[in-house]
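K.L.:
Here it is, the structure, as structure tokens.
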Amino acid sequence: MIFALLVHDAPVGRHSSQAAYRFASELLAGGHTLFRVFFFGDGVHHSTRLNLTPGNETDLPQRWSRLAAEHGVDLVSCVGSALRRGIVDEAQARQHALEAVSLRDGFELSGLGQLVEASIRCDRLVVFGG
Amino acid sequence: MSTQRTRSVLVVCRSAPYGRSRARDAIDLAMAFAAFEQPVTLLFLGEGVFTLAGGQQPPAGTRHLGKLLGTLADYGVGQVFADAAALAERGLAVRELALAAEPAHDDTLRELFATHDRVITV
Amino acid sequence: MSLPARDAHGFLLDRADWNEDVARVLAAEEGLTLGAAHWEILYLLREYHAAHEHAPAMRALVGLVRRRLGSDKGNSVYLLSLFPGSPARIAARIAGLPKPEHCL
């Protein structure tokens, strides 16, 4: 079965965010396909490279990045949500003369069209957050 | 990207506007799906019905969501529903809403959830 | 004339700075000379923005023009003839409105 996830909550202090990651890992372990994880609104904070997570807490940005590297999962953060929240890739940093890049490896910034495509292509779209 | 297939989407907003970005996010999602030719219905439940209230006075520097709602039809978001009970509980009269939303009672709500391919609740 | 302050994409930072002279200079940057047909669209856009605080993306712009000015004008070809390239974006800039938003 082909899944897509929509993650709407920030990684810190939100149970739904942990649940999203666990769900993604489990469905991959179960042999299903994860077509895309789309991060929207506060969910774009999952795609930062600049977090410092205490050792006894789950570093979700790092976990997602590893999941992408190991399983080829497509991780997309909504560019509109991301820029407002200081999640910036190289192209945007250059274009807007911002002093740093904050997007973590393994993630890309793109528009809501990627979510729409995921909605069309997957069998199940699961929403986390809200 | 192939847009030959469509999946009908129900975007559900349960959050009041302006406190967090949820209501705005719901509107943006609905507009995006509609812009890509997906059949979209927008439903406001619970505190979310405040997004439809007329006479909104957003905090300075925030988008006026009542005014933004007026653009939905331009993007092809045809149907906007609001939980009738939620409206009544909050003293919001249908004719005073910022947008002509259709009040939905339990049977309509059930049908909305049952008949859409995707449900996105924010 | 020197233009009022603008962002990195050439959009006015303060919409209150807009006037027709500013519009003519902005249009000239695109190689455009504004005629009655342009002004009709520009003022329609400004009215829409005043009502909705939103600069319409292409699809919404086409629909808006079609509703208000008829289908002879409410189509991509006509709008592209007036504002070549990206009518929604260019017309918004010349009209002193903010850039139509990213996600669409």
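K.L.:
Could you check how many residues of segment C:66-104 are among the aromatic types (F, W, Y) and assigned to a helix (DSSP H, G or I)?
P.N.:
Summing the residues that are among the aromatic types (F, W, Y) and assigned to a helix (DSSP H, G or I) in segment C:66-104 gives 1.
K.L.:
Kindly provide the set of residues from segment A:109-126 that are outside any strand (DSSP E or B), more than 7 Å from chain B (Cβ to nearest Cβ) and small (G, A, S), ordered by number.
P.N.:
Scanning segment A:109-126 gives A:G111, A:A118.
K.L.:
Inside segment A:43-59, can you point out the residues that are surrounded by fewer than 23 Cβ atoms within 10 Å (Cβ to Cβ) and in contact (Cβ under 8 Å) with a residue 40 or more places away in the chain?
P.N.:
Scanning segment A:43-59 gives A:T48, A:R49, A:L50, A:N51, A:T58.
K.L.:
Any residue that is in contact with an Asp or Glu (Cβ under 8 Å, 6 or more places away or on another chain), away from chain A (no Cβ under 14 Å) and surrounded by fewer than 22 Cβ atoms within 10 Å (Cβ to Cβ) - is there at least one of those in segment B:59-67?
P.N.:
yes
K.L.:
For segment B:13-34, give me each residue that is among the small types (G, A, S), touching a helix residue (DSSP H, G or I) at 6+ places or on another chain (Cβ under 7 Å), assigned to a helix (DSSP H, G or I) and touching a residue at least 24 places away in the same chain (Cβ under 8 Å).
P.N.:
Across segment B:13-34, the qualifying residues are B:A23, B:A30, B:A34.
K.L.:
Next up: Looking at segment A:1-19, which of its residues are within 14 Å of another protein chain (Cβ to nearest Cβ), in contact with a strand residue (DSSP E or B) (Cβ under 9 Å, 6 or more places away or on another chain) and crowded, with 20+ Cβ neighbours inside 10 Å?
P.N.:
A:F3, A:A4, A:L5, A:L6, A:V7, A:H8, A:D9
K.L.:
Identify, by number, the condition in (1) farther than 19 Å from A:S17 by Cα; (2) modelled with pLDDT under 95; (3) within 14 Å of chain B (Cβ to nearest Cβ) that A:G129 doesn't meet.
P.N.:
The failed condition is (1).
K.L.:
Which residue out of B:V94, B:V49, B:V80 is among the β-branched types (V, I, T), surrounded by fewer than 17 Cβ atoms within 10 Å (Cβ to Cβ) and out of contact with any Gly (no Cβ under 9 Å at 6 or more places or on another chain)?
P.N.:
Answer to the check: B:V94.
K.L.:
Now, a different point. Would you pick out the residues in segment B:65-122 that are farther than 29 Å from C:R66 by Cβ and either among the basic types (K, R) or assigned to a loop (DSSP other than H, G, I, E, B) (or both)?
P.N.:
Scanning segment B:65-122 gives B:R90, B:G91, B:L92, B:A93, B:H105, B:R110, B:D117, B:R118, B:V122.
Per-residue answers, yes or no, for (1) in a loop (DSSP other than H, G, I, E, B); (2) more than 10 Å from chain B (Cβ to nearest Cβ); (3) at pLDDT below 95:
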{"site": "C:A27", "(1), (2), (3)": "no, yes, no"}
{"site": "C:L34", "(1), (2), (3)": "yes, yes, no"}
{"site": "C:L42", "(1), (2), (3)": "no, yes, no"}
{"site": "C:E47", "(1), (2), (3)": "no, yes, no"}
{"site": "C:A51", "(1), (2), (3)": "no, no, yes"}
{"site": "C:P56", "(1), (2), (3)": "yes, no, yes"}
{"site": "C:L61", "(1), (2), (3)": "no, no, yes"}
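K.L.:
Could I ask something else about it? Output yes when any residue across segment A:91-107 is under 19 Å from A:V12 (Cα atoms) and among the small types (G, A, S), and no when none is.
P.N.:
Looking for residues that are under 19 Å from A:V12 (Cα atoms) and among the small types (G, A, S), one finds at least one in segment A:91-107, hence yes.
K.L.:
Could you look through segment B:33-58, keep only residues that are aliphatic (A, V, I, L, M) and facing another protein chain (nearest Cβ under 9 Å), and pick out the one that is nearest to B:V12 (Cα to Cα)?
P.N.:
B:A34
K.L.:
If you don't mind, there's one more thing I want to ask. Output the residues belonging to segment C:1-23 that are assigned to a helix (DSSP H, G or I), surrounded by 15 or more Cβ atoms within 10 Å (Cβ to Cβ) and not hydrophobic (A, V, I, L, M, F, W, C).
P.N.:
C:R15
K.L.:
Of the residues that sit in segment B:15-29 and are in contact with a strand residue (DSSP E or B) (Cβ under 6 Å, 6 or more places away or on another chain) and closer than 14 Å to B:A82 by Cα, which one is surrounded by the most Cβ atoms within 10 Å (Cβ to Cβ)?
P.N.:
B:A26
K.L.:
Okay, moving on. Among helices (runs of 4 or more DSSP H) lying entirely in segment A:29-103, which contain 2 or more residues that are within 14 Å of another protein chain (Cβ to nearest Cβ)?
P.N.:
Of the helices (runs of 4 or more DSSP H) lying wholly inside segment A:29-103, those with at least 2 residues that are within 14 Å of another protein chain (Cβ to nearest Cβ) span A:79-84, A:90-95.
The values are calculated or read from the model by the stated rules, or taken from the named source; none is laboratory data. Computed from a prediction, not measured in an experiment: that's the story for all the values here. For neighbour counting, all protein chains shown are included, and Cβ atoms are generated from backbone atoms with ideal geometry for every residue, glycine included.
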